[in-house]
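Before any comments, here is the structure.
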Amino acid sequence: MTSSSLLDRVDAIVDRHGAARTHLVQILREVQEPEGWVPPAAITRIAQRVKLPRARVEGVAGFYSFLHRTPGGRYRVRFSDNIVDRMAGSLPLLERLCAQLWVERGKVSEDHLVSVDTTSCTGMGDQAPALLVNGRAITRLTADRIDRIAQLIREQVPLDDWPAELFEIEDNVCRRDLILASTLRPGDAIRAAIARGRPDAPEAASNQRAGPGGRDASEQGPVATLEEIKRSKLRGRGGAGFTTGLKWEACRNARASQRYVVCNADEGEPGTFKDRVLLARHADLVIEGMTVAAYVVGATKGFLYLRGEYRHLFASLNEAVSRRRAHGLLGSGICGKPDFEFDIDIHLGAGAYVCGEESALIESLEGKRGIPRNRPPYPVTSGFLKFPTIVNNVETFCAAALIALKGGDWYAGIGTPRSTGTKILSVSGDCARPGIYEYPFGVTAREVLDDCGAEMTQAVQVSGPSGICIDASEFGRRLAFEDLPTAGAFMVFDESRDMFEVARNFAHFFAHESCGFCTPCRVGTSLLRNLMDKLAAGKGSQHDLKRIGELNELLQAASHCGLGHTACNPIVDTLKRFRPAYEQRLVSMEYEPAFDLDGALARARAMTGRDDAGAHLTEFE
């Protein structure tokens, strides 16, 4: 592409986004698409057009793993490096592809045709192993599929002309309940919420009887719907479990001229893929819940932040938004209510696990590096562009839509008293039927294992690496906020698996995904990864196991955000429950250095022809 045509294309993209700084990640992503990287001239032009320092734009481009400032292969292949993908044989398949294409892992081929490397979990654990090629997912990899991919790349077949069957992604819904079995028609929950503000509604009559202190009709519907959400005891499904009604109420009560609703669809926790299915098959339910939330808090604008690995859903979600606009369910005068205005933009992420944290996600929405903010203030009072903002998970909005339609008491009657409603689980690993399972809260781990066909199970990782690892003695525990809280991941490991290697994979994940903002996390996760590698190499000692405990205390006390706080969880849990897997790797009860200095001098001895005692380091030197 010539310099002038590149700049013309950059200008067209920037103009389409209104030269908005908040759209910087989207602008960079679109500029990158044809060539697979963002040239320096494009970064300079973008900085000029959006009126930002060039260093700021380059810093944003360098933060996200799916944005590139240097050329790569025309076919950029990334194998999912989740532990479940490894268990399914991803690494031998990666080596097979590299051998067929004559390219080293992590390198670009000499003809710049292809590059092959790994990436973090792609959200396809139910159909592992998987890979991304130029951002498009291919699942259920086999040797035959790898050979076919290699041939297509060698023949330089455009990606759009590859066989459609390669890109087929299954839903694998194995158990349905409230959400996955929902037949809610678009608009029903919104109309139910609006109806609560009519004079003949019981809630309205109650407010009228309250006398001068009662609310006017324009407030009755939102307040009454908020009360239903609070009565339901709905808690956030993204992992933290904060009470949804209290979050919405705080945002509604914050003094501001504008409010925002954000759907966190940056499902990056390894082993989690439930949001992928909800967005693919229940997009209307998700958007309905966002619209109900907007009605309650008084927001006129919303964003759905979609993780970069789910780019295949980008077009269909935009179509769903457009369809709802056409049917009066988004935009102005929603459901015939003249003063109800709300619209949604779909923003596509660019590969950053930390953006699953709500304040980091907001930073990314604003066109910045996804670095978590200091809190307080919290997003409900100072979120997107410093306006009050609610950020909820995909599943939370689905549940909110059903509550708006059927009421809080109905929802509170399901699950347990402290964990109401249902929970959708992403089940993967050593089981006959991996996929999506929806249960009322309170289901035991054993029941899930029985349903998914797991046998000889030694461990389950609940809620991904940042969650809890349980062993067979704990399979009677219940999935609920009061016992085993979970964001949805349910990873199964049978007795053939080495739980040390499972934890080691997670250590590498956290070190890779640390945003680098704070020193405790940036350095601590790297030290943790190095310690696990040292143990794997057979150079560990009891001193190293003690060091892991010290790092855990440091990361929990001093890290800036939850990533650092939970980075040691999988190691601490497996060390507690599967300690022999660690101890069998120890070579010393005392300190053992990871670096063999005398061994490193072997080449020098060979070059000088010396191999006498004086050319070796002794134990005391």
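A few notes on this one:
- Search result, residues across the stretch 514-523 that are assigned to a helix (DSSP H, G or I) and either of a type in the set (Lys, Arg) or surrounded by fewer than 24 Cβ atoms within 10 Å (Cβ to Cβ) (or both): THR519, PRO520, ARG522, VAL523
- Number of the condition not met by LEU385 [criteria: (1) at pLDDT below 95; (2) part of a helix (DSSP H, G or I)]: (1)
- For ARG237: the one exception among (1) over 16 Å from ALA400 (Cα atoms); (2) crowded, with 24+ Cβ neighbours inside 10 Å: (1)
- If the condition is being within 14 Å of CYS98 (Cβ to Cβ) and hydroxyl-bearing (Ser, Thr, Tyr), then the stretch 112-154 contributes SER115, THR118.
- Some residue of the stretch 403-410 being touching a Leu at 6+ places or on another chain (Cβ under 7 Å) and within 22 Å of VAL292 (Cβ to Cβ): yes
- A Cβ distance below 7 Å, combined with a sequence gap of six or more or placement on separate chains, defines the contacts here; from the stretch 513-527, residues that are in contact (Cβ under 8 Å) with a residue 24 or more places away in the chain and charged (D, E, K, R) reach residues that are part of a helix (DSSP H, G or I) and buried (at least 19 other Cβ atoms within 10 Å of the Cβ) in the pairs GLU513/TYR353; GLU513/VAL354; GLU513/LEU563.
- Unique residue being buried (at least 20 other Cβ atoms within 10 Å of the Cβ), under 19 Å from VAL572 (Cα atoms) and in the same structural domain as ASN569 (by TED's automatic domain parsing) when the list is PHE506, PHE490: PHE506
- Exclusive hit being out of contact with any strand residue (DSSP E or B) (no Cβ under 8 Å at 6 or more places or on another chain) and of a type in the set (Phe, Trp, Tyr), set PHE493, PHE510: PHE510
To keep it simple, each residue is scored yes or no on (1) farther than 24 Å from GLU501 by Cα; (2) outside any helix (DSSP H, G or I); (3) at pLDDT 95 or above; (4) not basic (Lys, Arg).
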residue	(1), (2), (3), (4)
HIS68	yes, yes, yes, yes
GLY72	yes, yes, no, yes
ASP85	no, no, yes, yes
GLU95	no, no, yes, yes
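- Set GLY298, GLY271: member being in the same structural domain as ILE371 (by TED's automatic domain parsing) and under 14 Å from the mean Cα position of the chain (by Cα): GLY271
- The sole residue among VAL31, VAL38, VAL10 that is outside any helix (DSSP H, G or I) and free of Cβ contacts under 8 Å to residues at least 60 places away in the same chain is VAL38.
- Residue satisfying all of: in the stretch 97-143; basic (Lys, Arg) and closer than 24 Å to GLU501 by Cα; nearest to the chain's Cα centre (by Cα) among these: ARG140
- When ARG145, ARG140, ARG136 are checked against the criterion of being in contact with a His (Cβ under 8 Å, 6 or more places away or on another chain) and within 30 Å of LEU425 (Cβ to Cβ), a single residue qualifies: ARG136.
- Members of the stretch 448-496 that are without any contact (Cβ under 8 Å) to a residue 12 or more places away in the chain, within 13 Å of CYS431 (Cβ to Cβ) and part of a loop (DSSP other than H, G, I, E, B): none
- Failed item in (1) of a type outside the set (Phe, Trp, Tyr); (2) in contact with a Lys or Arg (Cβ under 8 Å, 6 or more places away or on another chain); (3) assigned to a loop (DSSP other than H, G, I, E, B); (4) farther than 20 Å from THR300 by Cα, with VAL380 passing the rest: (4)
- Residue match in the stretch 234-242 (condition: aliphatic (A, V, I, L, M) and at pLDDT below 95): yes
- Residue within the stretch 84-102 that is outside the structural domain of GLY36 (by TED's automatic domain parsing), in contact with a helix residue (DSSP H, G or I) (Cβ under 9 Å, 6 or more places away or on another chain), crowded, with 19+ Cβ neighbours inside 10 Å and farther than 30 Å from SER426 by Cα present: yes
The values are calculated or read from the model by the stated rules, or taken from the named source; none is laboratory data. Keep in mind that this is a model prediction, so the values were computed, not measured. Positions of Cβ are generated from backbone atoms using ideal geometry, with glycine treated the same way; all protein chains shown enter the neighbour counts.
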